[in-house]
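Peer 1: One structure, pasted below without further comment.
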Amino acid sequence: MPPITVDFSNLPKVTNSKFYPFYFDQSRYLVLMGGGGSGKSKFSAQKIVYRTLAERNHKFMITRKVGDTLRDSVFADVIKVIHQWGLADLFHIPNGRSSELYIKCKLNGNELLFYGLDKVEKRKSIEGITGIWMEEASECTTDDFRQLDIRMRGKAAYNQMLISFNPIDINHWLKREFFDEDRNDVRTSHSTYKDNPFLDDGTRKTLEGFKETDPYYYQVYCLGEWGVLGKTIFNARIVSERISYLRTKPPVKRGFFAFDLGSDGKPVDDSIRWVNDSDSHIVLFEDVKEKHPYVLGGDTAGEGSDYFSGHVIDNTNGKQVARIHQQFDEIDYTRQIYCLGRYYNTALIGLEVNFSTYPTRKLEEWHYPKMYVREAQDSYTHRLEKRFGFQTNKITRPLIVSNLVTIVKESPELINDISTLEEMLTFVKNQNGRPEAQEGSKDDLIMGLAITYQIRDQQTYTINNQVKFDVSKLPADLQEDWNRANAEQKKYLAQKWGLTKGA
């Protein structure tokens, strides 16, 4: 056969622009989550065909859970791409519904094998797999994935498993495996029919129609948001709609605080500086506004969770403006909280003290100026005492959860963090009627935000328009008068002396 050159320069015009960069992605796992009509399956077939022609020594396995569904889905998808690209003469393609589900490239001998995961023995006998497409992965089990993964070790330019699915259940193993933790070997994508320029008008209108006839179906199967199986405490439809909206609204900043340390281990105030880092643990949805009052609440690690969380809200309107969430050493968490509070105009800070009082005690030692105070009964004298930090108990927990449920129901636009909202989709009543995260899920972001809203009353609700000035610049006799004056007298003196601007 004479040499044949295949020109792929037209790829951008025949591929959904959302997916085009993924032709060149070499992550071990390329995970395509999305709604119906988004084009994720079409692209998966396109990349398989592209790699089959562009690279050598390939044996691709293309799978679904049930073998009987292969012929009219992934097998048909691959053949359709081959014909649309005018490449049929370069492949051995079987004919007829009784033919073997097998395609071979005439140019280089690369093979495409189609197998149902329900045929366990056939699957285990295949060797030398260099790449896999796992279609409708939500139908598959963790064991299915593990078995495929260990067989993808053939020698090729790179090994990659394409995983495409509709996110029917937020508790699915796919979310835990690929979305809940940052992994260097994973590239994920979220897509909807709105991203697909090749979708016909009829299909588009059908999908749009679900907005009115079945809003929840529209969120899950059309917009590709995680679905919920069972009854949640928070309104699943409202939460899903908010998540869908926020996917198009990236945060203002993501990063952490750097600082110099004083002799007491406290960040030196004048040295605190923000560092942008796309992989870091603090997300700002809205930057600090001059004179605005802020509240910072948090949930410390406990009850088997090693995650610390914190949220900042603008107390003038209740809007969530920042979130911190990660597995921290206690001292690292405390320092970042201190810096975050200082950054947001010395926000009121109230951290949960049930399982660890360390962050609150450290903030107290460092003389953080504005901390939440609760009343607690002394175990010896039984007298009520003032103590720092928020305590979650059988009285306060139902109260703060109920308050957050109401906020989400009536004002979902206040919540800006997708991770927090996703926790709400797995927050249910257990068999005893207690609201908590489903098994295998977390609720530290929920509880941290609930605490933040609960402690608002100890912070002002209005913008601080008071004039500040440097008292040390006043004459000595006036400084003495000022220092002896109470708040009302200082207001009078400021007007009398004409201190309308900072000195």
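The values are calculated or read from the model by the stated rules, or taken from the named source; none is laboratory data. Since we're looking at a predicted model, the values are computed, not measured. A quick note on method: Cβ atoms are made from the backbone with ideal geometry, for glycine too, and the neighbour counts reach across all protein chains shown. All accessible areas refer to the heavy atoms of the entire protein, side chains included, with ligands and DNA or RNA removed. Shrake-Rupley method; radii C 1.70, N 1.55, O 1.52, S 1.80 Å.
Peer 1: Within the set of pairs 6+ apart or on separate chains, which have a first residue in the range 233-246 that is under 11 Å from Val405 (Cβ atoms), a second that is in a helix (DSSP H, G or I) and basic (Lys, Arg), and C-beta atoms under 6 Å apart?
Peer 2: Going by the 6 Å Cβ cut-off, the qualifying pairs are Asn235/Lys409.
Peer 1: Still on this structure, please answer the following. With the checklist (1) part of a helix (DSSP H, G or I); (2) surrounded by 22 or more Cβ atoms within 10 Å (Cβ to Cβ) in hand, flag the one item Asp77 doesn't pass.
Peer 2: (2)
Peer 1: Does any residue in the range 84-106 that is open to solvent by 60 Å² or more (accessible area, probe 1.4 Å) come within less than 8 Å, Cβ to Cβ, of a residue that is basic (Lys, Arg) six or more places away or on a different chain, and which pairs are these?
Peer 2: Taking only residues 6 or more apart or on different chains, the pairs are Asp89/Lys106; His92/Lys104; His92/Lys106; Arg97/Arg71.
Peer 1: Let me ask something additional. Out of the residues in the range 432-464 meeting the condition of being crowded, with 18+ Cβ neighbours inside 10 Å and of a type in the set (Lys, Arg), tell me which one is modelled with the highest pLDDT.
Peer 2: If we take residues in the range 432-464 being crowded, with 18+ Cβ neighbours inside 10 Å and of a type in the set (Lys, Arg), then Arg456 is modelled with the highest pLDDT.
Peer 1: Would you pick out the residues in the range 365-394 that are among the aliphatic types (A, V, I, L, M), modelled with pLDDT of 90 or more and open to solvent by 40 Å² or more (accessible area, probe 1.4 Å)?
Peer 2: Passing the criteria: only Val373.
Peer 1: Can you name every residue in the range 316-355 that is closer than 22 Å to Thr462 by Cβ, open to solvent by 10 Å² or more (accessible area, probe 1.4 Å) and assigned to a loop (DSSP other than H, G, I, E, B)?
Peer 2: Thr316, Asn317, Asn345, Thr346
Peer 1: Here are Arg28, Arg56, Arg64: which of them is charged (D, E, K, R), under 24 Å from Phe179 (Cβ atoms) and either open to solvent by 50 Å² or more (accessible area, probe 1.4 Å) or out of contact with any helix residue (DSSP H, G or I) (no Cβ under 8 Å at 6 or more places or on another chain) (or both)?
Peer 2: Arg28
Peer 1: If I ask for residues that are open to solvent by 60 Å² or more (accessible area, probe 1.4 Å), modelled with pLDDT of 90 or more and over 23 Å from Glu410 (Cβ atoms), which ones from the range 209-242 would you list?
Peer 2: Matches in the range 209-242: Thr213, Tyr221.
Peer 1: In addition: Report whether or not Ile48 is more than 22 Å from Cys140 (Cβ to Cβ) and either open to solvent by less than 70 Å² (accessible area, probe 1.4 Å) or not acidic (Asp, Glu) (or both).
Peer 2: Taking the combined requirement at face value, the residue does not satisfy it.
Peer 1: Sticking with this one: Checking the conditions here, which among Leu90, Leu112, Leu70 is of a type in the set (A, V, I, L, M, F, W, C) and within 27 Å of Val220 (Cα to Cα)?
Peer 2: Only one candidate qualifies: Leu70.
So that you can scan it fast, the table gives a plain yes or no per residue for (1) open to solvent by less than 10 Å² (accessible area, probe 1.4 Å); (2) polar (S, T, N, Q); (3) at pLDDT below 95:
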{"residue": "Asn110", "(1), (2), (3)": "yes, yes, no"}
{"residue": "Ile150", "(1), (2), (3)": "no, no, yes"}
{"residue": "Leu162", "(1), (2), (3)": "yes, no, no"}
{"residue": "Thr188", "(1), (2), (3)": "no, yes, no"}
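Peer 1: Go through (1) in a helix (DSSP H, G or I); (2) in contact with a Pro (Cβ under 9 Å, 6 or more places away or on another chain) one by one and return the number of the condition Ser17 breaks.
Peer 2: (1)
Peer 1: Between a residue in the range 142-165 that is of a type in the set (D, E, K, R) and any residue that is at pLDDT 95 or above and open to solvent by 20 Å² or more (accessible area, probe 1.4 Å), which pairs come within a Cβ distance under 8 Å, given they are 6 or more apart or on different chains?
Peer 2: These pairs meet every condition: Arg153/Asn159.
Peer 1: Right, another one. Please verify whether Val312 is over 20 Å from the mean Cα position of the chain (by Cα), buried (at least 19 other Cβ atoms within 10 Å of the Cβ) and not charged (D, E, K, R), treating the condition exactly as stated.
Peer 2: For Val312, the condition - over 20 Å from the mean Cα position of the chain (by Cα), buried (at least 19 other Cβ atoms within 10 Å of the Cβ) and not charged (D, E, K, R) - is not met.
Peer 1: Find the residue count for the range 173-186, including only residues that are open to solvent by 30 Å² or more (accessible area, probe 1.4 Å) and in contact with a strand residue (DSSP E or B) (Cβ under 7 Å, 6 or more places away or on another chain).
Peer 2: Residues in the range 173-186 being open to solvent by 30 Å² or more (accessible area, probe 1.4 Å) and in contact with a strand residue (DSSP E or B) (Cβ under 7 Å, 6 or more places away or on another chain): 2 in total.
Peer 1: Please list, ordered by residue number, the helices (runs of 4 or more DSSP H) wholly in the range 173-247 having 2 or more residues that are more than 15 Å from the chain's Cα centre (by Cα) and among the polar types (S, T, N, Q).
Peer 2: The qualifying helices (runs of 4 or more DSSP H) are 201-213.
Peer 1: Now for a different question. His83 fails exactly one of the following numbered conditions: (1) under 23 Å from Phe165 (Cα atoms); (2) out of contact with any helix residue (DSSP H, G or I) (no Cβ under 6 Å at 6 or more places or on another chain). What is the number of that condition?
Peer 2: (1)
Peer 1: Right, another one. Taking the range 207-231, which residues are β-branched (Val, Ile, Thr) and either touching a Leu at 6+ places or on another chain (Cβ under 6 Å) or within 14 Å of Ser38 (Cβ to Cβ) (or both)?
Peer 2: Correct list: Val220, Val228.
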